[in-house]
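**Student:** Questions regarding the structure given below will be posed in turn.
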Amino acid sequence: MAVLINENYLKLKSNYLFAEIAKRVANFQNEHPKAKLIRMGIGDVTRPLAPAIIEGFHDGVAHMGKVNTFKGYGPDQGYSFLIQAIIRQDYTTRGVTLEEDEIFISDGAKSDTANIQEIFGLENIVAVTDPVYPVYVDSNVMAGRTDSMGEDGRYSGLVYLPCTQENGFVPELPKVPVDLIYLCLPNNPTGTALTKEQLKQWVDYAKENNSLILFDSAYEAFIREDNIPHSIYEIDGAKEVAIEFRSFSKTAGFTGTRCAYTVVPKELKAFDTNGTVHSVNSLWARRQATKFNGVSYPVQMAAASVFSPEGQRQIRETIDYYMVNAATIRDNLIKFGLDVFGGVNAPYIWIKTPNNMGSWEFFDLLLHQANVVGTPGAGFGPSGEGYLRLTAFNTLENTKEAMERIAQLSL
Ligand code: MLT
């Protein structure tokens, strides 16, 4: 007997999008060791952790070194001090009531959005926007909810909701019944945000069709305009139809520190094949208790410090800094005559490639001629072809320099 693999993995593109880009960029850097690259590809932050957060981190580490305050395994769902701070600051202030056992602290929205599908049946029809954060698609491919990728770059078995310039990058409601719907708002990669009225249509759809929305709001802290909901639970009734994913990664610079949380309201119900109703919250709690042992205590202490008054002020300064970068990118590219979207309520700028260039072609042009790294839109799905994404997460100096270099290109 030989060991057999999970053949669903063979359906995937060989490399995860950001791994593929990293490989291409490393090859380029090897061939051009003197090139000073400016990385505006993967959405990785560059500003250090804020002083208030470092203080919380230090306190956590100090506690681990003393017998009276030492911590072993933490509570499955996360420490109460962090969960309470989240409820108070992120939800009560927006008129949303949540109980402690509806919040699950984790190491990232990437892992939670990838893992959540495993508590749902393989028969469910899954809808994703196109373009889309690749994790939602790949994790469903791995689980076996799709066939191989077709020539059109789509996996059969998934319902794609195109987000194009024509519809303002706002997905239309599915025309066929779907069970699970991934929505990321403000959107990665297009930077689009939905108003309360627009998001309400999705909540209403989910209620009417017994669907469940997997709402990734990792970028809510970048919202600048009024009437854009920060949480899907600001819409009445959403607790019956939505799971919400939040992250400290972009909000507070935790991409290398790792902390996030997922809200699974107790109102959420799903069914077995006999029609018996089950609590989604209990299923996720069961899954996490078996497969996850929590986030380290010092990291949860650091995350809790985000919610202190100084922490809030300091992270807002950093987010403001990135949004100056976003405006710098937008304004310059518009000045260069490019069609530019996003960057107003999100740290991502979605650019129409000039002269109908392919996404990867434009990626290569920027890499070779400006030494600027972006992310080809096609990597986010077939409707991303003809676009490229830049992030606002580099330093202001590098962002300005990138714009100067792009200005020299004849686009
Ligand atoms: C991105 O660049 O899309 C994000 O950084 C990916 C992530 O958060 O995992």
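**Student:** Show me the strands (runs of 3 or more DSSP E) found entirely inside region 220-277 where at least 3 residues are touching a residue at least 40 places away in the same chain (Cβ under 8 Å) and out of contact with any Pro (no Cβ under 6 Å at 6 or more places or on another chain).
**Tutor:** Fully inside region 220-277 and qualifying: 242-247, 260-263.
**Student:** Being within 19 Å of LYS250 (Cα to Cα) and in a strand (DSSP E or B): is that true of LEU161 here?
**Tutor:** no
**Student:** Take GLY78 and tell me if it is under 25 Å from ARG316 (Cβ atoms), among the small types (Gly, Ala, Ser) and within 16 Å of the ligand (Cβ to nearest atom).
**Tutor:** no
**Student:** Further, regarding this structure: Anything in region 243-283 that is open to solvent by 20 Å² or more (accessible area, probe 1.4 Å), in contact with a strand residue (DSSP E or B) (Cβ under 8 Å, 6 or more places away or on another chain) and of a type in the set (D, E, K, R)? List them, or say none.
**Tutor:** LYS266, LYS269, ASP272 - these are the residues of region 243-283 that are open to solvent by 20 Å² or more (accessible area, probe 1.4 Å), in contact with a strand residue (DSSP E or B) (Cβ under 8 Å, 6 or more places away or on another chain) and of a type in the set (D, E, K, R).
**Student:** A further question follows. List pairs: first residue in region 154-167 and more than 22 Å from GLY144 (Cβ to Cβ), second residue part of a loop (DSSP other than H, G, I, E, B) and open to solvent by 30 Å² or more (accessible area, probe 1.4 Å) anywhere in the structure, Cβ distance under 7 angstrom, at least six positions apart or on different chains.
**Tutor:** Sorted first by the residue in region 154-167, then by its partner, the pairs are CYS163/VAL170.
**Student:** Within region 345-363, how many residues turn out to be on the phi < 0 side of the Ramachandran plot and either of a type in the set (Gly, Ala, Ser) or open to solvent by 60 Å² or more (accessible area, probe 1.4 Å) (or both)?
**Tutor:** 5
**Student:** Okay, next question. For region 185-204, enumerate the residues that are open to solvent by 20 Å² or more (accessible area, probe 1.4 Å) and outside any loop (DSSP other than H, G, I, E, B).
**Tutor:** Scanning region 185-204 gives LYS196, GLU197, GLN198, LYS200, GLN201, ASP204.
**Student:** Moving on to the next point. Scanning for something surrounded by fewer than 18 Cβ atoms within 10 Å (Cβ to Cβ), assigned to a loop (DSSP other than H, G, I, E, B), in contact with a helix residue (DSSP H, G or I) (Cβ under 8 Å, 6 or more places away or on another chain) and of a type in the set (A, V, I, L, M), does region 113-123 turn up at least one residue?
**Tutor:** yes
**Student:** Residue by residue through region 144-198, note down the ones that are β-branched (Val, Ile, Thr), away from the ligand (no atom under 16 Å from the Cβ) and either touching a strand residue (DSSP E or B) at 6+ places or on another chain (Cβ under 8 Å) or under 27 Å from ALA270 (Cα atoms) (or both).
**Tutor:** Passing the criteria: THR146, VAL159, VAL176, VAL178, ILE181.
**Student:** Working carefully through the options ARG405, ARG389, find the one that is modelled with pLDDT of 95 or more, open to solvent by less than 50 Å² (accessible area, probe 1.4 Å) and more than 16 Å from the ligand (Cβ to nearest atom).
**Tutor:** Answer to the check: ARG405.
**Student:** Scan region 88-106 for residues that are within 21 Å of the chain's Cα centre (by Cα) and buried (at least 19 other Cβ atoms within 10 Å of the Cβ) and jot them down.
**Tutor:** ASP90, TYR91, GLU102, ILE103, PHE104, ILE105, SER106
**Student:** Restricting to region 15-54, and then to whatever is open to solvent by 50 Å² or more (accessible area, probe 1.4 Å) and under 19 Å from LYS250 (Cα atoms), can you tell me which residue is nearest to the ligand (Cβ to nearest atom)?
**Tutor:** ILE42
The values are calculated or read from the model by the stated rules, or taken from the named source; none is laboratory data. If you're wondering where the values come from, they're calculated on a predicted model, not measured in any experiment. When we count neighbours, we look across all protein chains shown, and the Cβ atoms used for this are built from the backbone with ideal geometry, even at glycine. Just so you know, the surface numbers come from the protein's heavy atoms only, side chains and all, with ligands and any DNA or RNA stripped out. Shrake-Rupley method; radii C 1.70, N 1.55, O 1.52, S 1.80 Å.
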